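The values are calculated or read from the model by the stated rules, or taken from the named source; none is laboratory data. Worth saying up front: this structure is predicted, and the values here are computed from it rather than measured. Here the Cβ positions follow ideal geometry from the backbone for every residue, glycine too, while neighbour counts run over all protein chains shown.
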Ligand code: ATR
């Protein structure tokens, strides 16, 4: 019998690590499935999904630039996808198209489980107010930090996200700032801006970091991002987004297969491969 078919749909797609991650999950969790990268034309996302469903596809991950289109296409949404306004995981079942967003829960899993840093009662700073920050909002608030501060280059966007956060939590102390006004120290600082892509870093005062701060960049690369270099220079504990990538994949795998893959093992293997690629 042909194994169940899954894809990650994006444009471009050849760089995606998702096929390798899911193949390893399947191997370790003894699941029979096939998972491939699928390039969709920029104007052809819906047709690509439709054709895959007709061919018997069971589920899809969705990456740039189609997460908003996947949100619009889904016939049902998880609460976190609805709040994120974006979908990175689709499950096809009995003519239904269920949309979820596992990015934020993957971030939290990597911080709490893999890094062993609890967010409960902590002072958390979220840098950025675009799609990545929005996707993290509900899973972060569900961890019940004492404070959540949203800081963005464009203050009005941070304020808009703040309003959304206020509708999700009454117990957390919520603030919006522009970078220049941030002076106070934080326990956890999460970089959800896209500044790392151009090797830039939001202009942060040294005083936001302390020796026990966890600095987390949602991006990862073979070498530390500009944000993590800054955080390291201030003595902070640094973590890149490789674990978030693996954990968001694990959440999708669990949704599709009803089985939780050994994500920590796969993260260790991927970290070793990334380090080896540097040498
Ligand atoms: P994503 O889906 O990756 O979140 P996005 O929705 O375009 O992408 O959002 C990008 C985020 O990174 C925004 O918060 C953006 O700030 P603005 O709202 O002011 O545009 C932020 N960003 C991008 N480049 C940045 C830079 N060089 N320094 C600081 N913030 C930056």
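Structure above, values below:
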quantity: Yes/no for residue 262 being surrounded by fewer than 20 Cβ atoms within 10 Å (Cβ to Cβ) and within 27 Å of residue 212 (Cβ to Cβ); calculated: no
quantity: Evaluation of residue 196 against (1) surrounded by fewer than 21 Cβ atoms within 10 Å (Cβ to Cβ); (2) more than 17 Å from residue 111 (Cβ to Cβ); (3) under 16 Å from the mean Cα position of the chain (by Cα); (4) in contact (Cβ under 8 Å) with a residue 24 or more places away in the chain (one fails), failing number; calculated: (1)
quantity: Which numbered condition residue 72 misses (of (1) within 30 Å of residue 140 (Cβ to Cβ); (2) in contact (Cβ under 8 Å) with a residue 12 or more places away in the chain); calculated: (2)
quantity: Count of the range 1-58 residues which are assigned to a helix (DSSP H, G or I) and closer than 18 Å to residue 255 by Cβ; calculated: 12
quantity: Those residues of the range 214-232 which are crowded, with 23+ Cβ neighbours inside 10 Å, closer than 15 Å to residue 124 by Cβ and more than 9 Å from the ligand (Cβ to nearest atom), in sequence order; calculated: 215, 216, 217, 231
quantity: Matching option when the condition is away from the ligand (no atom under 13 Å from the Cβ) and at pLDDT 95 or above, among 118, 194; calculated: 118
quantity: Qualifying residue in the range 247-258 (condition: in a loop (DSSP other than H, G, I, E, B), surrounded by fewer than 13 Cβ atoms within 10 Å (Cβ to Cβ) and in the same structural domain as residue 20 (by TED's automatic domain parsing)); calculated: yes
quantity: Per-region count, the range 197-213, residues in a loop (DSSP other than H, G, I, E, B) and within 16 Å of the ligand (Cβ to nearest atom); calculated: 7
quantity: 1 or more residues surrounded by fewer than 17 Cβ atoms within 10 Å (Cβ to Cβ): qualifying strands (runs of 3 or more DSSP E) within the range 104-177; calculated: 147-151, 173-177
quantity: The range 178-191 - residue that is away from the ligand (no atom under 13 Å from the Cβ) and assigned to a loop (DSSP other than H, G, I, E, B) and, of those, surrounded by the fewest Cβ atoms within 10 Å (Cβ to Cβ); calculated: 183
